[in-house]
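Scroll down for the structure; my scribbles are underneath it.
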Amino acid sequence: KDNYPLVIATWNVKESTQAAWETLQQGKSALDAIEQGCRIEEANAEGQSVGIGGLPDRDGNVTLDACIMDSKGNYGAVVYLQNILHPISVARKVMEDTPHVILAGKGAEKFAISEGFKPVDLLTEKSKKDWEEWKKTSKYKPIINIENHDTIGMLAIDKNGDIAGGCTTSGLAYKMAGRVGDSPIIGAGLFIDNEVGGATATGLGEEVLKTVGSFLIVELMRQGKSPQEACEEAIGRIIHKNPDYKDFQVGYIAVNKRGETGFYSIHDGFSVTKFQNDNNENIPSDFYDK
Ligand code: SD4
């Protein structure tokens with residue numbers, strides 16, 4: 001029981017895990033904690049892979065993907081959402097206030113505005129400059145670890161032992177217009193089963209999608225694997241299927257029902273932030289390609 005409440009997230013996002021932890025301390029649900037935690041990173045204009053300040057697609061549009069899943073197995077997502085600061089909150093509204101689970105593009109934006117979200121320009125001067133610089137060569141190659149990587153995948157367990165998760169991103173920098181990654185797709189970027197545990201992903205979404213990584217991790221835990229073993233096997237699956245793994249990064253994090261955690265990546269440089277037992281800590285991840 002001492003293992004939770006607990007919050008764990010991809011990358012170095014201490015302010016996000018702090019906000020989620022404080023939400024849990026107020027007696028709120030894991031779902032509330034996830035939403036509050038993710039909102040911090042979404043509003044951080046310095047982070048160039050989530051929310052405002054996210055690097056645009058190759059046409060200069062910032063397009064956001066996000067999803068959220070609760071302990072009852074409910075799920076909501078937005079894909080290719082533009083001009084809205086908090087996709088995680090829109091995803092929650094899709095889950096709670098519509099008969100659907102995914103809304104895309106203009107429809108998602110229209111829904112958000114009808115729910116009171118204000119349109120904002122998400123392309124910052126800095127990201128616009130970086131994009132203009134990129135256009136000079138227009139070489140599309142996913143970067144193994146983006147310096148200030150902060151696509152946030154977050155898992156939380158509240159004091160009742162209930163698990164929720166969320167994932168929010170601006171996707172890959174300079175992606176093709178229309179591209180959607182793993183982050184908002186159930187089973188790929190995120191999966192929760194309150195009887196077993198949860199998992200979430202970061203990195204090259206195409207590889208996570210093709211192996212349905214987060215669902216795989218939860219199913220492996222159901223079969224008795226620890227969160228660590230399950231993350232390692234899911235990374236192993238990608239490596240086995242794709243000999244080009246040296247050129248891209250994927251990182252997974254997982255929790256099980258007992259509040260045990262695991263995390264693993266293909267390459268060095270991935271880290272997680274974990275808030276547990278009053279301690280908010282950024283921890284480097286072990287990795288495959290040594
Ligand atoms: C994607 N998985 O859109 C995301 C990108 C990511 O940190 O995790 N960036 O493919």
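Is it fair to say A77 is more than 14 Å from V50 (Cβ to Cβ), in a strand (DSSP E or B) and aliphatic (A, V, I, L, M)? So A77 fits the description; yes. Residues in the range 53-82 that are crowded, with 22+ Cβ neighbours inside 10 Å and within 19 Å of W134 (Cα to Cα): G53, G54, L55, P56, V62, T63. The lone criterion from (1) crowded, with 21+ Cβ neighbours inside 10 Å; (2) more than 25 Å from Q18 (Cα to Cα); (3) at pLDDT below 95 left unmet by M176 is number (1). When the range 143-166 is filtered for residues that are within 8 Å of the ligand (Cβ to nearest atom) and at pLDDT 95 or above, only G153 remains.
Of all the residues in the range 256-285, those that are of a type in the set (S, T, Y) and in contact with a helix residue (DSSP H, G or I) (Cβ under 8 Å, 6 or more places away or on another chain) number 4.
In the range 183-195, the residue that is nearest to G73 (Cα to Cα) out of those that are part of a loop (DSSP other than H, G, I, E, B) and more than 8 Å from the ligand (Cβ to nearest atom) is N194. Specify which of the listed residues (V180, V208, V218) is within 16 Å of the ligand (Cβ to nearest atom) and either in contact with a His (Cβ under 6 Å, 6 or more places away or on another chain) or not in a loop (DSSP other than H, G, I, E, B) (or both). Unique residue meeting the criteria: V208.
The values are calculated or read from the model by the stated rules, or taken from the named source; none is laboratory data. Keep in mind that this is a model prediction, so the values were computed, not measured. A quick note on method: Cβ atoms are made from the backbone with ideal geometry, for glycine too, and the neighbour counts reach across all protein chains shown.
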